[in-house]
Amino acid sequence: MVKYDAIIIGAGACGLMCAAQAGLLGKKTLLLERNDKPGAKILISGGGRCNYTNMGTSLENFVSENPKFLNAVFAQWSVTDTIDFFQNFGGIKPQEKTLGQLFPTSNKAKDIVATFTKLLFDTGQDLWLNTLVKAVQKIDDGYELSVERNGREEKLNAPKIVFASGGLPVHKLGASDFAIRAACQFDMEIMQTAPALVPLTITGKDAEWYASLSGNSVFARVYNDRISFEENILFTHWGLSGPAILQISSYWRAGEIFTMDLLPKFSLEDIIKHERNSGGKRLVGQILNDYFTKKMVDALGKYLPLDIKIASLSKADAKLIIDTIHKFKVKAAGDKGYDKAEVMRGGIATHELNPKTLESKKNPGLYFGGEAVDITGWLGGYNFQWAWAAGYAIAQDL
């Protein structure tokens, strides 16, 4: 039987980077993946284009009980390291798009995965596909895994085990709570988990109004008392989606109300004042048509007096228009769940891990990285940057 320095569970972003970096250090690892190909989630990210990091990465872009935990990891592996790695080993040149997002110039996520598969081959790492890890237990000289492969069960052992099996989102891609269950088994604290970067649902009396706008996209500022995002929102037949909504969802809790400024680049108060000074002959609906689609303006007619001339607006009506557009209140009923979520919020508490190596403090030889840890990035390449950095940091200690 081959003796491995470590067995890595999960051939996603963190697991692939960990195996590749271990190989570059001359170590021998076995990478186990339950799917029939590595990097399943990488391949669908960014619509198959893969936003693989973000130029503006900082601690502020992560949700965690302790974001400062990232300092020790990011000190070892920076955004520049990510760019250089993919350029040197995969020939991938970055192209920057909005908000610091970097994509391969080829716009092909498969190029990211191919970088790893070539490195694994070149450095002699083993990759087993269609392999399900069912259990892990401590033995005298390390850890033993029970795996199901080719229709039969077998035992594997190694002195070190890396859990890079992701979180709960997108079950059809092989996501599971295995790393969380293993951490519980080994007496590690788990921060409450929930879907994050996820569309939000609207039910009840307002549901029909949102559904009537399905397909309409509006640039907006979406905010609560903790955070604010300026990006597009998308109305759907079941509620709200789009980048700004996915972002705020990581900071949203059931029962809370958040606010949308539907015209963040303009002041409706100033627009109305200017219109009054010009005679105020135009209707409220005509003014709004300058900034929104006809469908959006018609829908706003449920709340606003569209057929009144600006000159005839009362102070109360003017305030109603301004508040509705700039302070539109949303009370979501819930979210679309893990299968529509980009990532999982919460996970293994950071205080359970060595911040430099990501090794369990209570269980030497067990390492946890990526989505299973209580580190959740914003939309825009931040979660990949965390995964690459975690994989690198773990590999240095194997």
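Read-outs: derived from the displayed coordinates by stated rules, not from any lab. Treat the numbers as computed from the prediction; the structure is a model and nothing was measured. We place every Cβ from the backbone using ideal geometry, glycine too, and count neighbours over all the protein chains shown.
In table form, for the structure just shown:
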item: Mean separation of Cα contacts under 8 Å, 6 or more apart, over the residue count of region 101-161: relative contact order %; result: 20 percent
item: 222 nm mean residue ellipticity, helices alone, for the chain (DSSP H n ≥ 4; -39,500 (n - 2.57); rounded to 500); result: -8500 deg cm²/dmol
item: Rounded to whole Hz, the Karplus (6.51, -1.76, 1.60) HN-Hα couplings of region 132-145, x for glycine and proline; result: 9, 8, 9, 7, 9, 8, 7, 10, 4, 10, x, 9, 10, 10
item: Estimated translational D of region 200-335 in µm²/s (Stokes, Kirkwood radius over Cα pairs; 4 °C; 1.567 mPa s); result: 84 µm²/s
item: Calculated over the chain: convex hull of Cα atoms, volume per residue (Å³); result: 145 Å³
item: Between region 225-252 and region 16-58, the Cα center-to-center distance that results, in Å; result: 27 Å
item: FRET efficiency estimate (nearest 0.05) - Cβ-Cβ, Lys302 to Glu189, R0 41 angstrom; result: 0.30
item: Residue pairs, from the table Lys41/Lys68; Lys28/Lys118; Lys108/Lys172; Lys68/Lys340; Lys41/Lys108; Lys294/Lys340, whose Cα atoms sit over 18 Å apart; result: Lys41/Lys68; Lys108/Lys172; Lys68/Lys340; Lys294/Lys340
item: Positive-end residue, the chain charge dipole about Cα centroid, Cβ charges, pick of Leu246, Cys14, Asn66; result: Leu246
item: At 1.306 mPa s and 10 °C, Stokes D of region 314-398 from Kirkwood alpha-carbon radius, µm² per second; result: 98 µm²/s
item: 13 Å beta-carbon shell around Pro169, net charge (K/R +1, D/E -1); result: 0
item: Percent RCO, i.e. relative contact order, over region 200-335, from Cα pairs under 8 Å lying at least 6 residues apart; result: 30 percent
item: Charge-dipole axis of region 200-335 as Lys and Arg at +1 and Asp and Glu at -1 on Cβ define it, positive-most pick from Asn277, Thr236, Leu200; result: Asn277
